[in-house]
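**Q** The following block contains the structure, expressed as structure tokens.
The values are calculated or read from the model by the stated rules, or taken from the named source; none is laboratory data. The shown structure was predicted, so the numbers you read here are calculated from the model rather than taken from an experiment. Please note: Cβ atoms are built from the backbone with ideal geometry, for glycine as well, and neighbour counts cover all protein chains shown. Note: accessible area is taken over every heavy atom of the protein model, side chains too, but ligands, DNA and RNA are not part of it. Shrake-Rupley method; radii C 1.70, N 1.55, O 1.52, S 1.80 Å.
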Amino acid sequence: VQKQTGDVSDTQNAVGEVALLLDEFSRKSGESETYSKAAEKMYRKFAADAPRPESVFLLANFLAHRGQLDEAIDLCARGWQTCSPEVAGRASVSVLRAAKPNDGQFRQVEKCLGDAIKSNPDKTVFLAFMADMKEYQGLYSEAAALYGRILQMDGSHVVALNNLAWLISISLGRGQDALPLVNRAIEIAGPIPALLDTRASILTTLGRFDDAVKDLERAIATLPSGAQYYHLAHALRLKGDRNGASVALQAARKAGLKEDDVHPLERDPYRKLIAEFDLQ
């Protein structure tokens, strides 16, 4: 019996791995539709046969990327009934972020998260998921308020400190209020690239371009990303260093940064920078 169980498990794992490979090929191949249909078939088989109920979220994420968001959200809704709420909440927001939801689809996920918040009033994780969703909706004040609630419950919550700092600086223009928040996050977690990148964005809004450049160069030296190179280009351009800005912007593009990867609040300056350096 144990041998049989092992064989079934191995087969199921193989199905999942094949689905992932076909999915990857579909994104890169000229015959993307052929690979995508094959990947969907394998994802559905994996979700149906896998012993762990959370496997359904792999199918949901795939379908969301394919634009089949209604079915993806329905799968997530079922996942709330069979999986831990933390796993279901994370997956539901991830599925939304993989597509362009309408108001009704946002409301479906919001109801699940709202119920989880009511059932778990002492947990910050569901408030964080809700804040992430609200930010994706463009409801920045609501997202900021939710991060504020998290910090009332846990003043050392690094994600809330970082995200609230970024939001109130970039969306509300309150850089002076934001800086102590991100500095607190860095005191707790250390100068990790994501936090340095946030602080650099805040410093840029405050006109402290040299300090912003230092933070970004430090972040890039540790773990470079297209977003960090773009933020460096933006800070250097505002500082008056056109050559440096051009080099950094080209590095951002080489790293694979596309306009859709840029936060909506930063897309206008990104487009202007791209146009200025004729990198269309």
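**Q** Has the stretch 113-128 got at least one residue that is polar (S, T, N, Q) and more than 23 Å from MET153 (Cβ to Cβ)?
**A** no
**Q** Moving on to the next point. Would it be correct to say that PHE106 is within 18 Å of the chain's Cα centre (by Cα), touching a residue at least 12 places away in the same chain (Cβ under 8 Å), assigned to a helix (DSSP H, G or I) and buried (at least 21 other Cβ atoms within 10 Å of the Cβ)?
**A** Details: within 18 Å of the chain's Cα centre (by Cα): yes; touching a residue at least 12 places away in the same chain (Cβ under 8 Å): yes; assigned to a helix (DSSP H, G or I): yes; buried (at least 21 other Cβ atoms within 10 Å of the Cβ): no.
No; evaluated as a whole, the condition is false for this residue.
**Q** How many residues does the stretch 47-64 contain that are at pLDDT 90 or above and open to solvent by 70 Å² or more (accessible area, probe 1.4 Å)?
**A** Within the stretch 47-64, residues that are at pLDDT 90 or above and open to solvent by 70 Å² or more (accessible area, probe 1.4 Å) number 0.
For (1) touching an Asp or Glu at 6+ places or on another chain (Cβ under 8 Å); (2) at pLDDT 95 or above, each residue gets a yes or a no:
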site	(1), (2)
LYS100	no, no
THR124	yes, yes
ALA128	no, yes
GLN152	no, yes
ALA165	no, yes
ASN183	no, yes
ILE186	no, yes
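**Q** Quick check, is THR198 β-branched (Val, Ile, Thr), closer than 22 Å to GLU135 by Cβ, in contact (Cβ under 8 Å) with a residue 24 or more places away in the chain and open to solvent by 70 Å² or more (accessible area, probe 1.4 Å)?
**A** When the stated conditions are applied, THR198 does not pass them.
**Q** Also: Looking at ALA212, ALA275, which is the one that is hydrophobic (A, V, I, L, M, F, W, C) and in contact with a helix residue (DSSP H, G or I) (Cβ under 8 Å, 6 or more places away or on another chain)? Can you show your working first?
**A** Working: ALA275 fails: in contact with a helix residue (DSSP H, G or I) (Cβ under 8 Å, 6 or more places away or on another chain).
Of the residues listed, the single one that is hydrophobic (A, V, I, L, M, F, W, C) and in contact with a helix residue (DSSP H, G or I) (Cβ under 8 Å, 6 or more places away or on another chain) is ALA212.
**Q** Sticking with this one: Can you spot a residue in the stretch 69-87 that is at pLDDT 95 or above, under 30 Å from ASN183 (Cβ atoms) and not small (Gly, Ala, Ser)?
**A** Yes, the stretch 69-87 has at least one match.
**Q** Please specify each residue of the stretch 146-165 satisfying the condition of being open to solvent by 20 Å² or more (accessible area, probe 1.4 Å), within 21 Å of SER94 (Cα to Cα) and either in a loop (DSSP other than H, G, I, E, B) or among the small types (Gly, Ala, Ser) (or both).
**A** HIS157
**Q** What tally of residues in the stretch 167-196 results from selecting those that are of a type in the set (D, E, K, R) and either touching a Leu at 6+ places or on another chain (Cβ under 7 Å) or in a loop (DSSP other than H, G, I, E, B) (or both)? Even if it seems obvious, please write down each step before you answer.
**A** We begin by selecting, within the stretch 167-196, every residue of a type in the set (D, E, K, R); these are 174, 177, 184, 187.
Now narrow it down to the ones that are either touching a Leu at 6+ places or on another chain (Cβ under 7 Å) or in a loop (DSSP other than H, G, I, E, B) (or both): 174, 184.
The qualifying residues number 2.
**Q** Suppose we filter ARG78, ARG90 for residues that are charged (D, E, K, R), open to solvent by 70 Å² or more (accessible area, probe 1.4 Å), under 30 Å from GLY155 (Cα atoms) and in a helix (DSSP H, G or I); which single one remains? Let's see the steps before the verdict.
**A** Values: ARG78 fails: under 30 Å from GLY155 (Cα atoms).
Among ARG78, ARG90, only ARG90 is charged (D, E, K, R), open to solvent by 70 Å² or more (accessible area, probe 1.4 Å), under 30 Å from GLY155 (Cα atoms) and in a helix (DSSP H, G or I).
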